[in-house]
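I have placed the structure first, in the form of C-alpha cells, so that the comments after it can refer back to it.
The values are calculated or read from the model by the stated rules, or taken from the named source; none is laboratory data. All values derive from a computational prediction rather than experimental measurement. Reconstructed Cβ throughout: ideal geometry from the backbone, glycine too, with neighbour counts over all protein chains shown. Remember, those area values only see protein heavy atoms, side chains included, never the ligands or the DNA or RNA. Shrake-Rupley method; radii C 1.70, N 1.55, O 1.52, S 1.80 Å.
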Amino acid sequence: RGDEHVFLGVKIRFPRDGTVGIKVDNYLRDAFDAFGEPLTRKAATPALKDLLTIDMSSPRLSDDRAAWFRKVVGILQWACKRGRPDVDLAIAFMRSRLDFCTVQDWKKVASFTIVFARHH
C-alpha cells in the first residue's frame, strides 16, 4: 500500500492528482554501479563498429568480472526491452557471449553502459 511501489525494477508512483509516474532510473543506475569503472569516456553509439566481431585471442574475463559482465548485460537487456528497442541486436549479441566473455566483450558493454548513463 502507499503512493510509491517498485515492481520488477520499475518505480511506480501514484500521486493524489490521479496521474501515474513510471521510472526505471534506479534500475539502470544499478547497471552503472555494477559496471564498477568510471563512465567518463565518450561513446557516440551503444554499439562499437566491431560489435559482431569476435577476437579469439582476447583474454577471458576473471570469474568475478564475468559475473559483473552477466549482471550488467542482464540489466541492459531488461532496459532495452522496455525503452531502447534500437539496441536489441547489440544486446542479443552480448547475451550470446555470457558463457565465454572476454576483455573485448567488456569494452563493448562499456560502450553501451556509457551511452545509457549519458541518457539517464
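Here the ratio of the Cα radius of gyration of segment 58-102 to 2.2 N^0.38 Å is 1.18. Descending by average beta-carbon neighbour count within 10 Å, the peptides 49-59, 100-110 line up as 100-110, 49-59, the highest first. Solvent-accessible area assigned to carbon and sulfur over segment 59-102 amounts to 50 percent, based on a 1.4 Å probe.
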